[in-house]
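The values are calculated or read from the model by the stated rules, or taken from the named source; none is laboratory data. This structure is a prediction, so every number in the text was calculated from the model and none was measured. All Cβ positions, glycine included, derive from the backbone under ideal geometry; neighbour counts span all protein chains shown. With ligands, DNA and RNA removed, areas are computed over all heavy atoms of the protein, side chains included. Shrake-Rupley method; radii C 1.70, N 1.55, O 1.52, S 1.80 Å.
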Amino acid sequence: MSTTANGDAILKVTGLSKSFDGVPAVEDVSFDVRRSETLGIVGESGSGKTTLVRCILRAIDHEEGIVEYNSRDGWVELQDMRPKELIPLRREMQMIFQDPFASLNPRMTVREILEEPLIIHQVGDRTQRLDAVVDMLNHVQLDRDALTRYPHAFSGGQRQRIGIARALILHPDLVVCDESVSALDVSVQAQIINLLEDLQQELGLTYLFVAHDLSVVQHICDRVLVMHQGRVVESGEVDEIFANPQENYTKLLLSAIPSPDPDIRLKPLDRRELGL
Amino acid sequence: MTDDAQSDDNVLEIRDLAVDFKTDTGLTHALVNVGFDVPRGKVTAIVGESGSGKSVTANCIMRLVQPPGRIVAGTINFMPTDMAPFEIVSLRKKDPRLQELRGGHISMVFQEPMTALSPVYTVGNQVAEAILCHRKVTRKEAMREAAEMLERVGIGEMERRIQMYPFEFSGGMRQRVVIAMALVCHPEILICDEPTTALDVTIQAEILTLIKDLQRDLKNSVLFITHDLGVVAQIADQVVVMYQGRVLEIGTVRQVLKEPVHPYTRGLLAAIPGLAPKGEPLATIASVVGDTDITTPYPMTTLGDGRQVSLPPDKVALAAAE
């Protein structure tokens, strides 16, 4: 296996496929993720972005393909692992969701929300856990008095900070951000993007960043996969793909971004003319 | 560009509009002294973040503010082309003009097409119903006009599609149906409240092009509500920037997006990820606004170039000098 010799990679996906009731959602997807990079996955709704990352995290079971993960104990193949064997690995792989309200239990205080992963993974005693929670709140720039409050008492941006804190409290290596800034106002979005970038630097995180907003992807990602109808149609360095897209589908996506400069007119390409 | 010239041909003039919401913790001022004009035959965009009062303003125009919300002050003068002007806020609930206004003179397109459409009627029926509500025509004639309008918003294979139900349509197609419903009575004003926010970027581009093209053909006025400055740049002639229930800046699309005067507008623009250099943190509104006071409701001042801003007097002098 020459691939596993690549010490730079944290995740390697080969030939991943998944269908729902015979309808293919992800077809023959292969790529790898380098440690400490941000890999973007872009595409329209229904292109298979979310299904892909869920298969990788084993939130759903895929049908074909190999998902290799470079864990703290060496390379493992995630697709064949039993649920019990996956538990220790879940500490290393976490997810930040889109809707910061739907993904937080309204009946738990912030302290309970952030402490729960530590309890599940039996990390530390009570006081150590509290210290870890307070420390993580600090990281995501929330005050200590957030501890006793419930999610409804926070704004959208603050809730997303809680979601980020919950994902990071176990000190994961790989963090999947599934549309994590899509539901936020532009000013809050900027704060959360800055926070994600700061945390990445500080903690050496690797992000798998699923998004449909191409300008966010352009800003935050190093490399990008473009998905269309369950397949990766183009991948590469984000700046290069944005400057010089090769595939018609990528060209279509990029042509549809409305520029905030009124002198740059929107001239979307025609799907049919491109044969898509 | 000479469209900066002030013209008095407004279809809508909103003055000193105030809306309060009664909550457990007291009165929340959703709108405070909101005032702007909607010029006839142009696209006016209201831009702002959530909670800025964009949608409440639109709901005031349609008189759709529901308790615990209440319009407490202000006037909305509506000047239709073919009938006597009237004021909207003071209309009684039973006034027949209110019925005519909603969906007749002014119609609305919302963010989520599936909630605007009934799942149990065919799309043809729903567009025809909009006609039958406002005009005395036969059902057959209404269906014919509905088909014509659906064709116009880009729905092909009409014989088959007109018999279909909303769930059989994609998100973009559904939004086209909603636009057809909104335009079928030839409204003076089309209010679009985040009509493309729930759509993919490629479909968004199609819908924006459609709204713009139809506006050019039908020469109606459009009030376009969005939080996306990219969308504003592509569709608007005039821009109204709102923040915390107030208007902070009004100007032409070039004035507001290319040379914003108000620090909040500058902050909004600076926070767009695509414009910032890679590897550097994004500007946030707080970092751009700095210590300028943007929460005190200063009255709007008109600058030399015709734009209006709400700024403290010393900052107005500075802005005027620029």
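A few comments on the model shown:
- Condition broken by A:GLN79, with the remaining ones in (1) under 21 Å from the mean Cα position of the chain (by Cα); (2) modelled with pLDDT of 95 or more; (3) more than 20 Å from A:CYS177 (Cα to Cα) satisfied: (2)
- Qualifying positions in the range B:108-124 - open to solvent by 50 Å² or more (accessible area, probe 1.4 Å) and either in contact with a Leu (Cβ under 7 Å, 6 or more places away or on another chain) or not in a loop (DSSP other than H, G, I, E, B) (or both): B:MET114, B:THR115
- Taken over the range A:101-136, the criterion of being surrounded by 11 or more Cβ atoms within 10 Å (Cβ to Cβ) and more than 25 Å from the chain's Cα centre (by Cα) is satisfied by A:GLY124, A:GLN128, A:ARG129, A:LEU130, A:ASP131.
- Qualifying residue in the range B:10-24 (condition: open to solvent by 10 Å² or more (accessible area, probe 1.4 Å) and of a type in the set (A, V, I, L, M, F, W, C)): yes
- Some residue of the range B:262-276 being open to solvent by 50 Å² or more (accessible area, probe 1.4 Å) and not in a helix (DSSP H, G or I): no
- Residue, farthest from the other protein chains (Cβ to nearest Cβ), within the range A:242-267, restricted to residues that are touching a strand residue (DSSP E or B) at 6+ places or on another chain (Cβ under 6 Å) and buried (at least 22 other Cβ atoms within 10 Å of the Cβ): A:THR250
- Residue match in the range B:159-177 (condition: crowded, with 23+ Cβ neighbours inside 10 Å and among the aromatic types (Phe, Trp, Tyr)): no
- Any hit, the range B:96-107, residues being over 28 Å from B:VAL309 (Cα atoms), in a helix (DSSP H, G or I) and open to solvent by less than 30 Å² (accessible area, probe 1.4 Å): yes
- Residue ID - farthest from the other protein chains (Cβ to nearest Cβ), chosen from residues in the range B:277-293 that are part of a loop (DSSP other than H, G, I, E, B) and surrounded by 18 or more Cβ atoms within 10 Å (Cβ to Cβ): B:ALA283
- Residues satisfying the stated conditions in the range B:230-243, i.e. in contact with a strand residue (DSSP E or B) (Cβ under 8 Å, 6 or more places away or on another chain) and open to solvent by 10 Å² or more (accessible area, probe 1.4 Å): B:ASP237, B:GLN238
- Residues in the range B:18-48 that are outside any strand (DSSP E or B) and in contact with an Asp or Glu (Cβ under 7 Å, 6 or more places away or on another chain): 2 in all.
- Here B:ASP314 meets each of (1) surrounded by fewer than 16 Cβ atoms within 10 Å (Cβ to Cβ); (2) more than 30 Å from A:PHE242 (Cβ to Cβ); (3) at pLDDT 90 or above with one exception, condition (3).
- Test for A:GLY156: is it open to solvent by 20 Å² or more (accessible area, probe 1.4 Å), more than 10 Å from chain B (Cβ to nearest Cβ) and either free of Cβ contacts under 8 Å to residues at least 40 places away in the same chain or of a type in the set (Gly, Ala, Ser) (or both): no
- Candidate set from the range B:191-237 (those that are in a loop (DSSP other than H, G, I, E, B) and more than 18 Å from B:LYS42 (Cβ to Cβ)); member that is nearest to the other protein chains (Cβ to nearest Cβ): B:ASP200
- Conditions (1) within 25 Å of B:ARG161 (Cα to Cα); (2) buried (at least 18 other Cβ atoms within 10 Å of the Cβ): number failed by B:PHE78: (1)
- Residues (surrounded by 16 or more Cβ atoms within 10 Å (Cβ to Cβ), under 15 Å from the mean Cα position of the chain (by Cα) and closer than 20 Å to A:ASP80 by Cβ) located in the range A:32-69: A:ASP32, A:VAL33, A:THR51, A:LEU52, A:VAL53, A:ARG54, A:CYS55, A:ILE56, A:LEU57, A:ARG58
- Restricting the range A:196-222 to residues that are more than 13 Å from every other protein chain (Cβ to nearest Cβ) and assigned to a strand (DSSP E or B) leaves a set whose member that is nearest to A:ALA9 (Cα to Cα) is A:THR206.
- Number of the condition not met by B:PHE110 [criteria: (1) away from every other protein chain (no Cβ under 14 Å); (2) touching a Lys or Arg at 6+ places or on another chain (Cβ under 8 Å); (3) hydrophobic (A, V, I, L, M, F, W, C)]: (2)
- First in the range B:274-287 and of a type outside the set (Lys, Arg), second anywhere and at pLDDT below 85, Cβ under 7 Å, 6 or more apart: B:LEU282/B:ALA276; B:ALA283/B:ALA276; B:THR284/A:SER187; B:ILE285/A:SER187
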